[in-house]
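Here the structure is laid out as structure tokens; the discussion comes afterwards.
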Amino acid sequence: TKDDVIGRKRNIMYFHNENVAAFHYGPHHPMKPFRLAVTHSLILHYNLQHYFTMVEPPPATYEEIIAFHDTDYIEELMAGKWRVVPDEDAVDGTADDVPLFDGVYDYCTYYTGSTIQAAKALNCKWADIVINWSGGLHHAKKAQASGFCYVNDIVIGILELLKHNQRVLYIDIDIHHGDGVQDAFYFTSRVMTASFHHYHEKFFPGTGIVKEKGRSDGKHYSLNFPLREGITDESYAYVFKPIVRSLVKFYDPNVIVLQCGADSLGSDKLGKFNLSFNGHGECIRFVKSLNRPLMILGGGGYRLRNVARCWTNETAIIVGQDDVISDIIPEIDPYRKCFAPEHYKLRPELPHRFRDANTREFLDYLIGVAEERMRKIEH
Ligand code: VJV
Ligand code: CA
Ligand code: ZN
């Protein structure tokens with residue numbers, strides 16, 4: 001394909017366990033696992049499965065999950081009951097974010113199982129690129145659920161990759177800060193984390209400022225790009241491309257993990273950015289063009305039809321079919337009615353709801369700080 005100008009054709013594997021889409025966080029909760037069924041169906045109805053090997057992986061085991069998480073915490077999750085923490089007033093408010101719905105532990109085993117098998121496929125060199133749209137739950141902590149995330153499949157997947165790879169680069173384009181992954185690897189130089197996110201003191205999770213740069217052996221191996229609201233395709237590419245290019249040059253990762261949260265799109269229910277399908281997809285195309293073993297994960301995304309559009313388009317980008325497939329949603333897709341308001345288009349224009357508050361000076365400042373840090377990590 002046109003993306004593999006010098007390289008050979010890249011072997012792609014797609015991991016999906018259909019059980020993951022049947023769970024429900026509860027009425028009116030913004031996170032809807034059903035979006036994964038709509039995404040998977042759209043990918044199949046665009047016939048993209050012709051270009052990758054599709055795998056239905058087993059659920060993660062308890063042993064695999066406790067490679068990162070505390071056993072006491074996981075037992076709570078399995079029992080479906082949070083331990084009562086006396087005088088912790090925060091619990092009430094945040095519990096709405098991470099409700100203990102029916103089968104919550106099983107749900108975690110499905111999305112995490114896919115990420116683990118994806119990591120193993122990269123480790124064994126069965127695949128050059130692996131995809132798991134159900135993964136990318138970047139907020140879960142060692143002993144605490146947070147921000148719609150209970151088990152951190154990304155951390156568990158990276159731990160698996162570290163068995164065969166000296167250096168893992170993690171890039172996160174979800175609109176929220178990838179705090180759970182950053183915290184897990186804050187003290188090591190074997191994982192470099194770079195999160196691009198909206199930062200505002202009132203915007204969840206309230207971390208991810210430039211000053212968070214890693215500690216001890218991990219000093220300079222955490223990077224944060226706290227962006228202001230309304231960022232456009234042009235401004236985003238202006239920071240993303242040079243930074244990621246330098247990261248690969250200076251850090252020289254053996255493998256890249258890319259969390260592709262779709263809540264950075266314009267018109268997301270929780271988001272505040274103005275990215276289009278092309279602008280978001282351009283990040284995936286750019287990372288792919290760097291020709292390193294690559295793991296593609298999902299993440300946030302709260303306008304169901306746009307999540308399905310975004311990740312279908314990005315699957316097409318990965319397999320090199322994005323400029324070939326029709327921009328009209330296939331008529332045979334059983335979920336086609338979901339795409340009605342925008343005339344069944346795959347990549348409709350999205351309304352710009354926020355003025356771009358990211359000035360050129362501010363973006364240059366972010367790039368400048370990051371480049372200075374990156375010179376310190378050269379091998
Ligand atoms: O902003 C917060 C925390 C609060 C306390 C809990 N209330 C419900 C909301 C405010 C301070 N949480 C964020 C979490 C965002 C998680 C993003 C996850 C990801 O995309 O990065 C990766 C998958 C938040 N924003 C919006 C909501 N929570 C929200 C939660 C609800 C809700 C409406 C909004 C939970 C239940 C219901 N409505 C019924
Ligand atoms: Ca992010
Ligand atoms: Zn998010």
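The values are calculated or read from the model by the stated rules, or taken from the named source; none is laboratory data. Fair warning: this is a prediction, and the values are worked out from it, not measured in the lab. We place every Cβ from the backbone using ideal geometry, glycine too, and count neighbours over all the protein chains shown. The accessibility values were calculated without ligands, DNA or RNA, using every heavy atom of the protein model including side chains. Shrake-Rupley method; radii C 1.70, N 1.55, O 1.52, S 1.80 Å.
Do any trypsin sites (Lys or Arg not before Pro) in the range 204-300 lie in a loop, going by DSSP, with at most 15 other beta-carbon atoms within 10 Å of their beta carbon, and if so which? Each step should come with its number before you reach the end.
Values: sites: K211, K213, R215, K219, R228, R245, K249, K269, K272, R285, K288; in loops: K211, K213, R215, K219, R228, K269, K272.
Within the range 204-300, the qualifying trypsin sites (Lys or Arg not before Pro) (loop, at most 15 other Cβ atoms within 10 Å) are K211, R215, K219, K269.
Cα-Cα pairs above 40 Å in the chain: how many percent? Here the tail beyond 40 Å accounts for 8 percent of pairs. Annotation: M31 carries an accessible surface of approximately 10 Å², with a 1.4 Å probe and no ligand, DNA or RNA atoms counted. List the aspartates and glutamates whose alpha-carbon lies under 13 Å from that of K288, not counting same-chain residues fewer than 8 positions away? By straight Cα distance, K288 reaches D3, D4, D128, E314.
Taken about its Cα centre, the chain carries a charge dipole of roughly 1140 debye when the Cβ of each Lys and Arg holds +1 and the Cβ of each Asp and Glu holds -1.
Of all DSSP beta bridges confined to the chain, the antiparallel ones make up roughly 10%.
Taken over the range 254-379, the percentage of Cα pairs per 5 Å bin, counting from 0 up to the bin with the maximum distance, is 2, 9, 16, 18, 20, 15, 10, 5, 3, 2, 0.
Length gain on complete extension for the stretch D106 to E331, per 0.36 nm per residue less the alpha carbon to alpha carbon distance? Walk me through the intermediate numbers first.
On the way: separation 225, 0.36 × 225 = 81.00 nm, distance 3.32 nm.
Residue separation times 0.36 nm, minus the Cα-Cα distance, leaves 77.7 nm.
Computed from the Cβ-Cβ distance with R0 of 35 Å, the FRET efficiency linking Y62 to R245 stands at 0.30.
Cα centroids of the range 28-48 and the range 269-304: 16 Å apart.
Computed from label points 7 Å out along Cα-Cβ, the spacing between Q49 and I209 is 4.9 nm. Which pairs in the list K32/K141; K120/K337; K9/K32 are over 25 Å apart, alpha-carbon to alpha-carbon? K120/K337; K9/K32, as the Cα separations exceed 25 Å there.
Highest first, please rank the peptides 232-240, 144-152 by the mean number of other Cβ atoms sitting within 10 Å of their residues. Display every interim value, and only then the final one.
Details: 232-240: 18.8, 144-152: 23.7.
Put in order of decreasing packing, that is 144-152, 232-240.
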